[in-house]
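The values are calculated or read from the model by the stated rules, or taken from the named source; none is laboratory data. These numbers were taken from a predicted model, which means no experiment stands behind them. We place every Cβ from the backbone using ideal geometry, glycine too, and count neighbours over all the protein chains shown. Remember, those area values only see protein heavy atoms, side chains included, never the ligands or the DNA or RNA. Shrake-Rupley method; radii C 1.70, N 1.55, O 1.52, S 1.80 Å.
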Amino acid sequence: MTTSTAACRQCGRDSEVEVTARPLGSAESNDPHFGMPLLLVEKTAAGVLWPYNAAHLQALHDYAAAPLRERAGMSNGSMFSRLPQWMKLARNRVLLQKATARLIAKANAIR
């Protein structure tokens, strides 16, 4: 727990407020810092896909489309090693590709 200074919008007075970080538990499609729901969320038969931004979405799409997934360097050192198991399974490649393609179309429509 830490404290931070915050200003009142009405009177302008500064006050110290306690700020605590807490895990979101089962709310996996929320931003981990602010707790707000993410905009790009796609439910699939295998699980929920929720990229944080366009670059994250493109990386997931490229991962799903890769014909060969090789490990390089440290184990558990990359984003891909930390993906949910359903995303890493070969049987879900097509499902993941279709879900990322739908999210890419949704992201392009928002712009």
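Does Leu49 satisfy being open to solvent by less than 40 Å² (accessible area, probe 1.4 Å) and either of a type in the set (Asp, Glu) or modelled with pLDDT under 90 (or both)? No. Once the range 62-88 is narrowed to residues that are within 19 Å of the chain's Cα centre (by Cα), open to solvent by less than 50 Å² (accessible area, probe 1.4 Å) and of a type in the set (A, V, I, L, M), the residue that is farthest from Trp50 (Cα to Cα) is Ala64.
Looking across Lys98, Lys43, one residue alone is at pLDDT below 95 and more than 28 Å from Thr2 (Cβ to Cβ). It is Lys43. Of all residues in the range 46-72, those that are free of Cβ contacts under 8 Å to residues at least 40 places away in the same chain and among the hydroxyl-bearing types (Ser, Thr, Tyr) have Cβ atoms under 8 Å from Cβ atoms of residues that are surrounded by fewer than 12 Cβ atoms within 10 Å (Cβ to Cβ) and part of a loop (DSSP other than H, G, I, E, B), 6 or more apart or on another chain, in Tyr63/Arg69.
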